[in-house]
Amino acid sequence: MTEGKSSDSYLTDDNLVFIENKYIRIGANLSLGGALTHLSEIGGKNMINSYDWGRQVQMSFYDHPVPFTPEGYDMAERWKHIGWNPIQSGDVYKNRSKVLEYRSDENEIYVKCIPMHWPLNNYPGECTFEVWYRLDGYCVNVTSRLNNNRPDKTQHEARWQELPAVYTNGEWYKGVSYVGKKPFTNDTLTELVTKNDGLGYPWLQFYPTENWSALVNDDNYGLGIYIPTTSFSKIGFWLEDKKGFGEVRDRQTGYVAPFAPEVLDHNIVYTYDYSLIVGQLDFIRGKAYEFNKTASRRVFSFEHDRDHFYYKNITDGGFPTLGCLDFDFIADSELKSPPLFMSNDECKKIELDATFEGEMIGEVICHLYEGLDERHWGKTRDFIIPFQIMGDSKRAMHYLDVSSAPDSFIGFSLRFKNQGHIKIYSIKI
């Protein structure tokens with residue numbers, strides 16, 4: 001997001017809570033809902049851009065309806081396509097989020113705030129945000145949480161979420177990641193955005209199969225982000241002719257954000273974790289490899305929530321899930337996995353721990369990964385595997401054979417071809 005620069009000062013040290021260790025320094029801005037407006041190596045430059053209140057490193061959530069038009073509130077016409085959209089810093093009319101609570105010690109900053117809806121004039125979110133920033137060497141390990149309390153109790157379809165939005169100053173312009181089919185083998189990296197390539201805006205959509213991306217400078221030094229729960233991201237740079245230079249309040253900016261679709265119930269408590277990594281590219285990648293060792297995403301449990309699965313033409317019992325996904329299905333409704341890279345060398349079957357009665361007919365839709373197109377956008381194509389399985393109203397393991405998939409895939413969908421009711425306790429890949 002971007003909008004005209006405000007004239008007031010909100011980046012002074014009076015507004016920030018700083019902590020540091022031997023390696024890095026961070027600052028959470030209490031004038032902007034606790035959004036991160038400072039991240040630097042000790043003695044180095046601040047990497048985070050704050051041209052306006054849609055930048056920073058901050059939480060931003062999206063839901064229906066689109067447009068979201070509460071009676072009596074002005075809306076910025078250019079942003080009405082965004083819909084329901086509370087963000088951590090403040091709105092486009094320069095009304096700030098309200099900090100309810102904060103605390104800090106030498107290793108952690110915690111902030112709780114009431115966010116503002118970006119497109120609306122002074123309309124607070126029907127929710128609270130919480131964030132924990134924890135220092136760990138050259139990393140900031142972050143937990144972000146949405147606590148919803150919407151009066152609209154409709155279970156809307158999933159929308160893509162920024163997890164989170166990260167904006168860097170112009171020096172950190174080069175977008176780099178691993179986008180191949182041999183993750184965590186030190187295979188060749190790809191420069192997605194470089195100088196004088198005409199790329200960067202609109203933001204590139206791609207699949208970082210090692211679950212990290214970075215914005216770096218001419219010396220391949222900069223800021224990386226790792227998240228274990230999605231292999232889909234956007235990256236780019238705003239203002240092509242200004243790649244490679246710029247300060248905190250300048251208009252040009254780098255952008256990177258992991259994305260995933262999520263159903264955001266009216267009462268959901270939705271938490272995600274990610275890590276910001278400061279350093280050279282090889283160091284950033286090495287830290288991502290370390291994080292990956294403890295972040296296997298091959299078993300999905302639905303004891304308390306949907307574990308990042310979502311639906312097409314399905315409504316379940318809402319949040320919390322009370323032990324399982326519990327829903328009716330109809331012809332052409334779908335249960336969809338998060339967009340995670342799955343190697344066809346390893347993923348031969350999908351195991352459903354489920355309860356249903358009678359015959360269930362459907363298709364596994366494997367979203368085969370095809371790499372990048374000529375404009376550095378990620379590509380997939382669907383490969384369909386029919387299935388028929390029987391249930392007897394008892395909880396049991398059911399196996400869907402996906403060994404015929406000819407390539408690795410970025411997630412999958414279960415498309416139902418008949419009607420029925422099912423309870424799914426877990427899915428294992």
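Distance between the pseudo-spin-label points of Glu290 and Asp74 (7 Å out from Cα toward the beta carbon): 5.0 nm. Each principal axis of the range 290-342 carries a Cα extent, and these read 42, 24, 12 Å when sorted largest first. Mean projected area of the convex hull spanned by the Cα atoms of the range 234-384, taken over all viewing directions: 13.4 nm². Given R0 = 51 Å, the distance between the Cβ atoms of Asn21 and Arg395 translates into a calculated FRET efficiency of 0.60. Comparing Glu171, Glu374, Glu346, which has the greatest mean-square fluctuation in the GNM of the chain with Cα pairs linked when under 10 Å apart? Sorting by GNM fluctuation, first place goes to Glu374.
Largest to smallest in accessible area, the residues Arg96, Arg285 fall in the order Arg96, Arg285 (1.4 Å probe, all protein chains included).
With 0.36 nm allotted per residue and the present C-alpha distance subtracted, the Asn186-Glu370 stretch has 64.3 nm of extension available. Distance from the Cα centre of the range 340-396 to that of the range 223-240, in angstrom? Result: 26 Å between the Cα centres. Residues in the chain average 40 Å² of solvent-accessible surface per residue, probe 1.4 Å, ligands and nucleic acids excluded.
For the chain, a Gaussian network of Cα nodes joined below 10 Å ranks Gly200, Gly391, Gly34 by mean-square fluctuation, and the top entry is Gly391. About its Cα centre, the range 268-330 has a charge dipole of approximately 360 debye under the convention of +1 per Lys or Arg Cβ and -1 per Asp or Glu Cβ, with nothing else charged. The helix-based estimate of mean residue ellipticity at 222 nm for the chain, built from -39,500 (n - 2.57) per DSSP H run of four or more residues and divided by its residue count, is -1000 deg cm²/dmol to the nearest 500.
Database remark: amide H of His38 closer than 5 angstrom to the amide H of Gly27 (H placed geometrically; neighbours at sequence offset of 5 or more, or on other chains; Pro and chain starts carry no H). Along the range 139-151 the Karplus relation, 6.51 cos²θ - 1.76 cosθ + 1.60 evaluated at θ = phi - 60°, assigns HN-Hα couplings of 10, 10, 8, 10, 10, 10, 9, 9, 10, 7, 8, 7, x Hz to successive residues, with x for each Gly and Pro.
Taken one residue at a time, the phi angles of the range 181-197 give Karplus couplings (6.51, -1.76, 1.60, θ = phi - 60°) of 9, 10, x, 6, 10, 6, 5, 5, 7, 10, 8, 7, 10, 9, 5, 6, 9 Hz. Gly and Pro are set to x. Would you mind checking the tilt of helix 281-292 against the longest principal axis of the Cα atoms of the chain, expressed as 0 to 90 degrees and rounded to 10? With rounding to tens, the tilt is 40 degrees. With the simple model of a label 7 Å out from the Cα in the direction of the Cβ, Phe283 to Asn147 spans 3.7 nm. The calculated P(r) of the range 261-350, using every Cα pair and 10 Å bins from 0, goes 13, 36, 31, 16, 4, 0 in percent.
Result for the chain in a Gaussian network model with C-alpha springs under 10 Å: among Asn95, Asn85, Asn418, the largest mean-square fluctuation is at Asn418. Taking the accessible area of the range 14-154, probe 1.4 Å, and keeping the other protein chains in place, the carbon and sulfur fraction comes to 44%.
Among the listed pairs Lys182/Lys428; Lys181/Lys287; Lys80/Lys293; Lys80/Lys234; Lys80/Lys423; Lys293/Lys349, a Cα-Cα separation exceeding 30 Å is found for Lys80/Lys293; Lys80/Lys423. Approximating the spin labels as points 7 Å out from Cα along Cα→Cβ, the Asn95-to-Lys45 distance works out to 3.6 nm. The translational diffusion coefficient of the range 314-374, from Stokes-Einstein at 10 °C and 1.306 mPa s with a Kirkwood hydrodynamic radius over alpha carbon pairs, comes to 107 µm²/s. Evaluated at q = 0.14, 0.24 Å⁻¹, the base-10 log of the normalised Debye intensity for the range 335-402, with identical point scatterers placed on the Cα atoms, takes the values -0.54, -1.15. The alpha carbon radius of gyration of the range 299-429, expressed as a multiple of 2.2 N^0.38 Å, is 1.06.
The values are calculated or read from the model by the stated rules, or taken from the named source; none is laboratory data. Being a predicted model, the structure only gives us computed values, none of them experimental. Neighbour counts are summed over all protein chains in view; Cβ atoms, including those assigned to glycine, are modelled from backbone coordinates with ideal geometry. Remember, those area values only see protein heavy atoms, side chains included, never the ligands or the DNA or RNA. Shrake-Rupley method; radii C 1.70, N 1.55, O 1.52, S 1.80 Å.
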